[in-house]
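Reviewing the structure listed below.
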Amino acid sequence: MSTKSKKIKNNEFDKDMKELVKARLNVLPKNVSVSIGQEGTFNREELIEHVDKEDNIGQKITQVEMEFLQAIKKGELYENPIDYQTGL
């Protein structure tokens, strides 16, 4: 696969990841606020704006969300993980 093809594929993945994170943020209550270290506290709309801008804060939000989803997939957030194929 050429470098250009990889770049396009990565851009598509980044776009999908960004849309997934925005969708997850959109289900937060409007009045919720999230503190991001020394960066400050942000409401739902501000978080979405930062993800859209892909700035440092948006990248942090995306990274945290993706790590959370990976942890769920691996069963790391549950004491007794569920096998999603068997339901046990």
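May I ask you to verify whether Ala71 is modelled with pLDDT of 95 or more and of a type outside the set (Asp, Glu)?
The answer is no for Ala71.
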The residue that is surrounded by the fewest Cβ atoms within 10 Å (Cβ to Cβ), considering only those in segment 21-42 that are of a type in the set (Lys, Arg) and under 16 Å from Val64 (Cα atoms), is Arg24
Selection from segment 34-51 of residues at pLDDT below 95 and on the phi < 0 side of the Ramachandran plot yields Val34, Ser35, Ile36, Gln38, Glu39
Taking segment 51-63 and the residues there that are loosely packed, with under 13 Cβ neighbours inside 10 Å and not charged (D, E, K, R), the one that is nearest to Thr41 (Cα to Cα) would be Asn56
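The values are calculated or read from the model by the stated rules, or taken from the named source; none is laboratory data. Since the structure is predicted, the reported quantities are computational estimates derived from the model, not experimental observations. Reconstructed Cβ throughout: ideal geometry from the backbone, glycine too, with neighbour counts over all protein chains shown.
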